[in-house]
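Before any comments, here is the structure.
Nothing in this text is a laboratory measurement; each read-out follows from the coordinates by a stated rule. Since we're looking at a predicted model, the values are computed, not measured. Cβ atoms come from the backbone with ideal geometry, glycine included; neighbour counts cover every protein chain shown.
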Number of protein chains: 4
Amino acid sequence: MTAKTSAEKVQAASDWWLTEIIDIHPGEIAIRGYPIQELIGNVGFAEMIWLMLRGELPTRGQAELLEAAMVPAVDHGPQAPSIAIARMSVTCGLPLNGAMASAVNVLDDIHGGAGQQCMELYYEIDREAGAGGDLVATAGAVLQRRAKIVPGFGHRFHPIDPRVEPLFALVDRAVARGTVSGRFAAIGRAVETALKAGRSRPIPMNIDGITAVIFCELGFEPELGRGIFVLSRSVGILAHTWEQKRQGGRIKGPLPREIPYTYTGQAKRPLPRRREE
Amino acid sequence: MTAKTSAEKVQAASDWWLTEIIDIHPGEIAIRGYPIQELIGNVGFAEMIWLMLRGELPTRGQAELLEAAMVPAVDHGPQAPSIAIARMSVTCGLPLNGAMASAVNVLDDIHGGAGQQCMELYYEIDREAGAGGDLVATAGAVLQRRAKIVPGFGHRFHPIDPRVEPLFALVDRAVARGTVSGRFAAIGRAVETALKAGRSRPIPMNIDGITAVIFCELGFEPELGRGIFVLSRSVGILAHTWEQKRQGGRIKGPLPREIPYTYTGQAKRPLPRRREE
Amino acid sequence: MTAKTSAEKVQAASDWWLTEIIDIHPGEIAIRGYPIQELIGNVGFAEMIWLMLRGELPTRGQAELLEAAMVPAVDHGPQAPSIAIARMSVTCGLPLNGAMASAVNVLDDIHGGAGQQCMELYYEIDREAGAGGDLVATAGAVLQRRAKIVPGFGHRFHPIDPRVEPLFALVDRAVARGTVSGRFAAIGRAVETALKAGRSRPIPMNIDGITAVIFCELGFEPELGRGIFVLSRSVGILAHTWEQKRQGGRIKGPLPREIPYTYTGQAKRPLPRRREE
Amino acid sequence: MTAKTSAEKVQAASDWWLTEIIDIHPGEIAIRGYPIQELIGNVGFAEMIWLMLRGELPTRGQAELLEAAMVPAVDHGPQAPSIAIARMSVTCGLPLNGAMASAVNVLDDIHGGAGQQCMELYYEIDREAGAGGDLVATAGAVLQRRAKIVPGFGHRFHPIDPRVEPLFALVDRAVARGTVSGRFAAIGRAVETALKAGRSRPIPMNIDGITAVIFCELGFEPELGRGIFVLSRSVGILAHTWEQKRQGGRIKGPLPREIPYTYTGQAKRPLPRRREE
């Protein structure tokens, strides 16, 4: 690497922090080219999310479908580790941002990753089936190769997930309107059909499966499926943190005082006298 | 504490995790009493945020004002520590949730707290002035007692913050429609007027000051002002994380390789031989 | 701010990241002036902590006392929120660093802050009593002005904290050897005496109170008392995270499946038809 | 799942939080069976780490080698993202624990993971070569199958890493004393030899490679190699956070004010009037 001039170094420092998202000068802010004062009051929050992530504004139909997918993902109760962690954190003295951070951090592969993994499944079936392929057959073949737990399908808690049907209805309506193609709605249904094969009980689609349909229909990469889920779940995390704060409590662990944890380790023993090399 | 029966201990464990936000049973989810399938497609994301935090649905005007306040707060560029931290994190191998967590964590008192502190200022002026009090005089008196840096006012980067005027226009329109009372719009203006006193240059309201007006008009507690800011800024954090991920980069520090950090510590010295008691 | 030349800007960037701690050049690393190859094998971990924080090496007696204070703080079981959070996090798919981060984050004012607050109490008594002042009387006066909960004293879980006596013995031994002055050991004992006044049951010193004695004797600022506690507790956080990982478990919440959380919110209700302005 | 009695549910809750690490009763704490009052003053911090992670105390030689591996990993300057993030965080108002958390979080696969990946490499070579196998040949074969970047080897910053030689000397001394077998020292050297093949410039072992040798010799699993690195690096994270706090600074981004970030996105454009379905 040949020696750089000072001017080149200054440019290197600027370029080290390079973005296409936002342009800021004293008195001026533009996001993806749009002056902020034009966005305010004319663009909704879901449209803003789309603009920030994709670089262009969505159509009204696209924004509505995105928003519909974000609404039901906001919460699933204090038994969810993310929610429990947020609640415990605030009783340790953390401000809201800190409690939210400890919680958002755990929306990882297993708790929050199912949507992303389900999108990857759908995209794989889409690629393999090609334009005119048999989706049910392709789905069956892909599932054969994969692990037993199919992301997006199953009833870990809900025999029938109450969020699926209304969301699928919105997808079908969007297909009818031409907002989305319907390709991934078909793939999602194909997976559900393929999963019926040879089973007495069906394995229905769950919330991760239907939001994956929506995010794929809207053209998001799988990882952004998780990112958008994080934005949604942050709402529940905030709400529960706030509620716990007003309930009070200090240094809240997982169990009340009456219930001790179980110790199964070594019985009491004395420290050894001498420890050799 | 008298000994509890097993049944009482089980109840204590359940009550240890007590919430009014969400009710979940197999096949059923209700948020603040509303079945989730009724919320889907009928309630927007801003309305959902309000419902989760406040327990009731907002009016359309309230939801629009909340959404308008959330839109411009989503980003302020890669020089903001929260954004820079998210970008660096993803180059260390973190998934999106992890990068977002490290970033959200720093939206604390100084970087993200101004809105909350400004709300506290407005509420203090509101209480002190009372129903018919002189807002400018009260603002002046309160400001006298406080530190030099007034949260919500000033031009750390922007001489005139381009986000203030369009947001104030929306507030004034909401006042005209009866959506909000206008009390805190008046207080915000009173602070700006009080800050002109004895100065050659005015100290204009900035984004924190106007969003504080909005959140106070909408009846939120100051801490939730910060919480809602976190929800907004999470969008920019996600967008920048995603952009950095696609740009590539490994173990990205704050400066490019060409620019070393400055060391001003001890000159090189040998380790001392013996260190006494 | 007058315009800077490129060379000045490059220097500004370097100085923006200015430290006295470590000097790094290709092939060379020096910490506080000591070449790293001389430190390796000649300096222990506690000595390294002291060197990094204080800029100089400790005496052997100082290092031993610091190490002794760090050893018992490593863990207090899975009911501690920091430990529970780490265990839950790893079941969500996080790697060790992520689980540790979510946990370390909550070692805040209430859960981990007692040591720091106790140090502030001791320093206040030290300043107020002055060189020849009556420590018990000063302690009594300071305690009168403060909140009811005295950090470092009390028996939230342990009637007598088993960690206090052996640590106090080490402090007394260090005083006898001249390693430390004994000033804060005397202050700690004075607080305990002052707390007896007018009470049937004494309020004994706990682990936070004795580690605060040690850190004050060693001359650390109160905030570093918390920082060093974080280094200690990180060991327990890591151990529990690792144990949970090998135990298995997916998306572990605070309660087992058999015990539901309690919902006390709104009964089920239909979504309102129209919502006015 | 058949219905459980209340007593069974209480037991299930206790067992939900099951550990072999620490046993706590009022007035009693035992870690891995050893009463805490016996550990205090008799066991050092490295020995405590070993005890917490492994369940038994190490020999003196094992503890010394572990401690020697932890000492040089504490810091690598403010250009390391973990360090930079900690420094920025504290300028946003975070307490030490929060700044440390945001930083520890990023010690992930790419920044902190090399030691773990190198251990996996060594273990793979160990298994494949078997008891009497040719280590250089096996190393060569394994390296052929892997990606170009070999974890633990290379000179990203240091042509010769000054930490390797003194650490290798300690390993060789421990082998001579019978503290460790020398198997992984041999494997590490075999990799270095294999990497010479067909190259004009050797690719020397770096700090990750030698600490991996040490952790493998001491019998740790690869993931704990990362965990222990996190404990070490936490020291540097704390020290830099503390230094930055005393330096001052508010909302510190990666670059000083004089150097703007680079924007390469859309030119300014007006918001579109109507957006179709």
Checklist entry - Given label points at 7 Å from Cα along Cα→Cβ, what nm distances, shortest first, separate A:G248 from the same residue in every other copy? => result 4.1, 4.2, 5.8
Item to check | Span from the the stretch D:194-268 Cα centroid across to the the stretch A:85-146 one, whole angstrom | outcome: 29 Å
Item to check | Whether the protein assembly as shown is rounded, prolate or oblate, judged on the alpha carbon gyration tensor where a/c under 1.5 counts as rounded | outcome: rounded
Checklist outcome for this item: Dividing the mean separation of Cα pairs under 8 Å (6+ apart) by the residue count of the stretch A:17-79 yields a relative contact order in percent of 20 percent
Checklist entry - Where q = 0.22, 0.23 Å⁻¹, what log10 of I(q)/I(0) comes from the Debye formula for the stretch C:1-113, counting one point per Cα? => result -1.11, -1.14
Item to check | Averaged over D:218-228, number of beta-carbon atoms from partner chains that fall within 10 Å | outcome: 3
Checklist outcome for this item: Cβ density ranking, 10 Å radius, fewest first, applied to B:T193, D:T138, A:T211, C:T5 yields C:T5, B:T193, D:T138, A:T211
Checklist entry - Averaged across the residues of D:108-118, what count of C-beta atoms belonging to other chains lies within 10 Å of each residue's C-beta? => result 5
Checklist entry - Per-residue mean of other chain beta-carbon atoms within 10 angstrom of the beta-carbon, peptide D:54-61? => result 3
Item to check | B from C by rotation - nearest chain C beta carbon to the axis, in Å | outcome: C:G98, 3
Checklist entry - Tell me, in nm to one decimal, what length is gained between B:E8 and B:D172 on full extension, where the rule is 0.36 nm per residue of separation less the Cα-Cα distance? => result 53.6 nm
Item to check | Debye equation applied to the C-alpha atoms of chain D, log10 I(q)/I(0) at 0.13, 0.16, 0.17 Å⁻¹ | outcome: -1.00, -1.24, -1.31
Checklist entry - How would you order D:242-249, A:130-137, B:79-86 from highest to lowest mean count of nearby Cβ atoms within 10 Å? => result B:79-86, D:242-249, A:130-137
Checklist outcome for this item: Neighbours of D:A80 by Cβ distance under 11 Å: Lys/Arg at +1, Asp/Glu at -1, summed charge +2
Item to check | Neighbourhood charge, 12 Å Cβ-Cβ cut-off, centred on B:R32 and excluding it, Lys, Arg +1 and Asp, Glu -1 | outcome: -4
Checklist outcome for this item: Rounded to two decimals, the Rg over Rh value of the stretch A:186-230 from Cα coordinates and the Kirkwood Rh reads 1.07
Item to check | Loop sites in the stretch A:28-117: GluC sites (Glu not before Pro), DSSP, at most 16 other Cβ within 10 Å | outcome: A:E56
Checklist entry - If you average the sequence gap of Cα pairs under 8 Å that are 6 or more apart and divide by the length of chain C, what percent do you get for the contact order? => result 25 percent
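The stretch C:105-156: which trypsin sites (Lys or Arg not before Pro) are DSSP loop and have at most 16 other beta-carbon atoms within 10 angstrom?
Loop-located and lightly packed - C:R146, C:K148, C:R156.
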Checklist outcome for this item: Those chymotrypsin sites (Phe, Trp or Tyr not before Pro) from the stretch A:163-216 that are DSSP loop and have at most 11 other Cβ neighbours within 10 Å turn out to be none
Checklist entry - Cross-link partners among lysines for A:K196, C-alpha distance below 17 Å, same-chain residues fewer than 8 apart left out? => result A:K148
Checklist outcome for this item: Two pseudo-spin positions, 7 Å from Cα along C-beta at C:E28 and at D:D134, lie apart in nanometres by 4.3 nm
